[in-house]
Every structure is written in structure tokens, then in C-alpha cells.
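The values are calculated or read from the model by the stated rules, or taken from the named source; none is laboratory data. These figures come from a predicted structure and were not determined experimentally. Neighbour counts run over all protein chains shown; Cβ positions are idealised from the backbone, glycine included. Surface accessibility is based on the protein's heavy atoms, side chains included, excluding ligands, DNA and RNA. Shrake-Rupley method; radii C 1.70, N 1.55, O 1.52, S 1.80 Å.
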Amino acid sequence: MDRGVPRELLDDLTAEFDSLRTLVPSGTNLRLPTPAVGWDVGAGVSHLIGCDLLAEEAVGAPGEFRRARPATDVGPAELLEGHITARKDHPMERLRQEWADAFAAMLRAFTSSRREQRVPWFGRR
């Protein structure tokens, strides 16, 4: 049985994470607007945190992931909006730490998964 996501993919994902973090250095003004209409830097980082947390849960605790989604099948946009709202007043250093922690948790889940494991997500079932 093969364990986890292939190392090459994890290395690529980590390189992308590191590259993104250089775009949001310590001291960045979280209220700076981004090209995404209505989004500032803080919302973008919070969105990434939310994606990492959802992926970590889907891989690491698929049953909980399925149960946590409301019966009305609230999609990822609504869930991620909740992540953004919950973090809108966090200072930059706290947001950067949460981002690093969420990414690390996602990597741990990917590493401990089985290659043949089916992972729940949004959309058609």
C-alpha cells in the first residue's frame, strides 16, 4: 500500500506556499486592495487558510468533513467567507502564523493519507 501524496508533489506544493509567503511579508498592510474586486490582502490570506483547513479535514477526517457540511450543501464559497469574516481583525503576524499552521496541518494529512484513498469534496457526489 502506497502512503500519502508523492514527495515530488508535496515539494512543489511547499515551494508554492513559500513563494506566496514572500508576497505577504511581515508588516504588510492587510487592508491593501487586491486585483480581486472587494478583496484585500487579509481576505486573500484568510481564504488560503480556509482552503488548507478544508483540505486537511477532507483528507484527514473525511467522515467529519461530510458531517460538517450543512444539509443544504453550503458550498466552499460560503464556508470560505466564514473563514474570511472570522479573521478580518487579526493582526498580520497572527494571520501569517495561522496560515503556516494550516498549511503544515494540510501537509501532514496529505503525507499520512493512502494513495488509493477517496477524498470527499464539494460538487456532485
Would you mind getting the accessible area per residue of the chain, heavy atoms of the protein chains only, 1.4 Å probe, in Å²? 62
Taking 7 Å along the Cα-to-C-beta vector as the label spot, tell me the Gln117-Asp18 distance in nanometres, rounded to one decimal. 2.5
Can you pull the percent of Cα pairs in the chain with separation above 26 Å? 27
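Return the Rg/Rh value of region 1-48, two decimal places, where both radii are evaluated on C-alpha atoms and Rh is the Kirkwood radius. Intermediate results must be reported in sequence, preceding the final value.
Working: Rg = 14.8 Å, Rh = 12.7 Å.
Ratio of gyration radius to Kirkwood radius for region 1-48: 1.16.
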Output wanted: per-residue J couplings in Hz (rounded whole) for region 9-17, from phi through Karplus 6.51 cos²θ - 1.76 cosθ + 1.60, θ = phi - 60°, x for Gly and Pro. 5, 5, 5, 5, 4, 5, 5, 5, 4
Chain lengthening between Leu9 and Glu93 when straightened (0.36 nm per residue, less Cα-Cα): 27.5 nm
Estimated vicinal HN-Hα couplings, Hz - region 57-65 in sequence order (Karplus 6.51, -1.76, 1.60; Gly, Pro = x): 5, 4, 7, x, 9, x, x, 5, 4
If unit charges are put on Cβ atoms (+1 for Lys and Arg, -1 for Asp and Glu) and the dipole of the chain is taken about its Cα centre, the option from Leu107, Leu48, Ala58 lying farthest towards the positive end turns out to be Ala58
May I ask you to derive the FRET efficiency for Leu32 and Arg66 from their Cβ-Cβ distance with R0 = 35 Å, giving the value to the nearest 0.05? 0.40
Where does helix 92-112 land angle-wise versus the long Cα axis of the chain, in degrees 0 to 90, nearest 10? 10
